[in-house]
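Undergrad: Below is a structure I'd like to ask you about.
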């Protein structure tokens, strides 16, 4: 059985009408490359500062409702991690939270506000993570995605990640039941992906 949960904040924005959508109302659309939105937002990626704490807490709350993230059979605290921010005109538009775990860099959370998606922020944050790993001599980056989150699975695989493991039932076990996720797909499994970090590239 799939439990319905109320998702208080939108995760995506409809490119046709501009409506902000919670996960369970979002749908996929396949388009050609010519109809993808152009990168138009002026932003910079920078390390988080202590003054960013409130903004980090807010984007975490909107993404998942908390700053503690359960992935890879452990709990990571975003506020204790290495955080990179996509800063658009002095406002936090996206966040990438990182941790070093078992000799690899882990993406704890990647979140871009719906109004800024499709403008290159996620890709820029991920490029900064690769550079972060390279500077520290880490051989690879790991990320965990729920089985229902098709947009994130697409995003990471487009950026060089490959599925290496699926923790079947891990999300349903933590939540007590499968819950309706993206497009109403039951969120049950933790899909684990990894990409190598080539030295000096």
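Undergrad: I'd like to know if the stretch 50-62 contains one or more residues that are out of contact with any helix residue (DSSP H, G or I) (no Cβ under 8 Å at 6 or more places or on another chain), at negative phi, buried (at least 16 other Cβ atoms within 10 Å of the Cβ) and part of a strand (DSSP E or B).
TA: Checking the stretch 50-62: not a single residue is out of contact with any helix residue (DSSP H, G or I) (no Cβ under 8 Å at 6 or more places or on another chain), at negative phi, buried (at least 16 other Cβ atoms within 10 Å of the Cβ) and part of a strand (DSSP E or B).
Undergrad: Among the residues of the stretch 76-83, is there at least one that is closer than 12 Å to residue 46 by Cα, modelled with pLDDT of 95 or more and within 16 Å of the chain's Cα centre (by Cα)?
TA: Among the residues of the stretch 76-83, at least one is closer than 12 Å to residue 46 by Cα, modelled with pLDDT of 95 or more and within 16 Å of the chain's Cα centre (by Cα), which makes the answer yes.
The values are calculated or read from the model by the stated rules, or taken from the named source; none is laboratory data. Predicted model only: the values in this text are computed from it and were never measured. With ideal geometry, Cβ positions are generated from the backbone for all residues, glycine too; neighbour counts draw on all protein chains shown.
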